Structures are given as structure tokens and as C-alpha cells.
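The values are calculated or read from the model by the stated rules, or taken from the named source; none is laboratory data. These numbers were taken from a predicted model, which means no experiment stands behind them. Note that each Cβ is placed from the backbone with ideal geometry, even for glycine, and that neighbours are counted across all protein chains shown. Accessible surface is based on the protein model in full, side chains and every heavy atom, while ligands, DNA and RNA are left aside. Shrake-Rupley method; radii C 1.70, N 1.55, O 1.52, S 1.80 Å.
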Amino acid sequence: MRRPDPRPAPAPGARLRDEVAEGLRFVWRDRLLRGLTLTAAISNLCGTIGTSMLLVLLAGDLGLSPFLCGLVFTAEAVGGFLGSLLTTRISARLGEGRAMCASVVVSGALWLLALPFFQADGRYALACVLQGLGWTAFMTFKINSVALRQRLTPAPLLGRVTATFRFLVWGCMPLGALAGGLLGQYAGVRTALWTGALGELAAVVPLLLVLRGTRAARENRAARP
């Protein structure tokens with residue numbers, strides 16, 4: 001940070017409940033913020049369904065060593081770092097909206113492709129590579145969604161909007177872990193993983209609908225005499 005942000009002055013007579021409600025209203029009434037929030041929430045929900053069961057598959061069903069189990073998470077970390085370096089170039093080439101949609105779709109497709117290769121043999125190496133590439137692709141959405149949210153939000157509301165976004169998006173993660181555990185228990189570990197990966201792919205729908213609606217509205221305004 002080159003300079004510290006000034007501490008916002010509290011509004012006289014403001015109550016915490018009112019400020020929380022104001023953040024919720026602002027997020028829900030803004031089309032783009034609503035689309036970003038829903039896409040991120042679905043992604044976190046479904047991603048945690050799969051994540052909660054991945055180690056159960058690797059260490060339990062496949063009997064892999066702790067070292068081999070850790071490789072997939074190392075691949076994800078390396079992939080995420082590489083994705084952060086590529087985000088600016090991808091966004092400049094595709095445009096911010098298209099880049100975010102492509103990010104969610106490509107990452108979901110790569111994670112789906114990785115699932116059959118989680119086996120206790122040489123195929124596991126390919127699964128790790130695909131899992132890491134999925135995170136390389138997904139970082140474009142993660143970084144751009146935060147940047148766009150900050151640009152759309154007035155400075156006095158930024159804290160409340162960020163808190164609302166995190167509460168809704170991160171709040172889905174324990175629900176996803178619970179759902180993953182129930183699916184793994186009663187439908188099978190791989191079924192839970194497939195469900196999570198398919199949900200990750202479908203998470204693009206709210207953002208795609210919002211971006212299309214915004215583009216259509218802009219074209220209609222431009223067509224008016």
C-alpha cells in the first residue's frame with residue numbers, strides 16, 4: 001500500500017443491524033454484484049463438496065501415502081500462483097466479463113477431466129496436473145471479481161459490501177462440506193466429487209445471465225433515437 005486509507009467516520013446513530021442490512025441491499029440491487037455473489041457462492045458451495053471428499057478418496061479409498069496426497073494440493077497452489085500472473089493478460093485479451101465466464105467454465109471442465117484419473121497408479125500424475133491447471137484458469141475469476149466489486153462499490157459502503165460478500169460466499173463452504181460428507185456417506189465418495197465438479201461448472205450461469213442482460217440493456221439504450 002503506497003498510502004493508508006483514511007478511517008471512515010461512523011455515521012451518527014448508526015446501528016450495526018442497519019449497516020448490515022444496507023450492505024445486503026446494495027449487493028442484491030446491483031445486477032453485477034448479485035451475479036458475482038451468486039456465482040462465487042455456488043462455486044464455493046460445490047467446490048467444498050468436492051474438497052471435503054478428495055482426501056477421503058486419496059488416503060482412504062486409494063491408500064496413497066501422505067506425500068502423494070499432498071502433491072495434488074501443491075499442484076493447486078502452483079497453478080493458482082501461475083494463474084495470478086496470467087490474469088491481466090487474459091482479461092486484456094478477452095475483456096473482463098468474458099474472461100471471468102471463461103475462467104469458471106474452463107476451470108470446471110478441467111476439474112471434471114481430472115476426476116477419472118484419480119487412481120493409485122501413474123494416472124494420478126495427470127490428475128494432479130489437471131487439478132493445478134484448473135486453479136490456473138480459476139484465478140482470473142477470483143481476482144477480477146474482487147477488483148470489479150471494489151470498482152462498483154462506493155467507498156463508504158466498501159466495508160459493508162465486502163462483509164456481505166464474504167458472509168454469503170464463505171458461508172456456503174461449511175454447507176458444502178456438510179453436503180459433501182452426506183453424499184460421500186450415502187452415495188459414495190466419487191459421486192460427491194462428480195457432484196461438486198458439475199456444480200462448479202454450472203456456477204457460471206448467474207454471471208453469464210447478468211452479463212448478457214447488461215449487454216442487452218446497453219444495446220437497447222444505444223438503439224434509441
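Brief remarks on what is shown
- Surface exposure of segment 26-119, expressed per residue as accessible area with a 1.4 Å probe, stands at 48 Å².
- Charge dipole (Cα centre; +1 on Lys/Arg Cβ, -1 on Asp/Glu Cβ; no other charges) of segment 66-225 amounts to roughly 800 debye.
- Rounded to whole numbers, the Karplus 3J(HN,Hα) couplings from phi for segment 40-54 are 5, 5, 5, 4, 5, 4, 6, x, 6, 4, x, 4, 5, 9, 5 Hz, using 6.51 cos²θ - 1.76 cosθ + 1.60 with θ = phi - 60°, and x at Gly and Pro.
- Distance between segment 62-105 and segment 169-186 - C-alpha centres, whole angstrom: 22
- Rg/Rh, computed from the Cα trace of the chain with Rh as the Kirkwood radius, has the value 1.04.
- Percentage relative contact order, the chain, counting C-alpha pairs under 8 Å, at least six apart: 39
- Projecting label points 7 angstrom from Cα along Cα→Cβ for R25 and L126 puts them 5.5 nm apart.
- Annotation: extensible slack from D18 through D5 equals 2.3 nm (criterion: 0.36 nm per residue apart, minus Cα-Cα distance).
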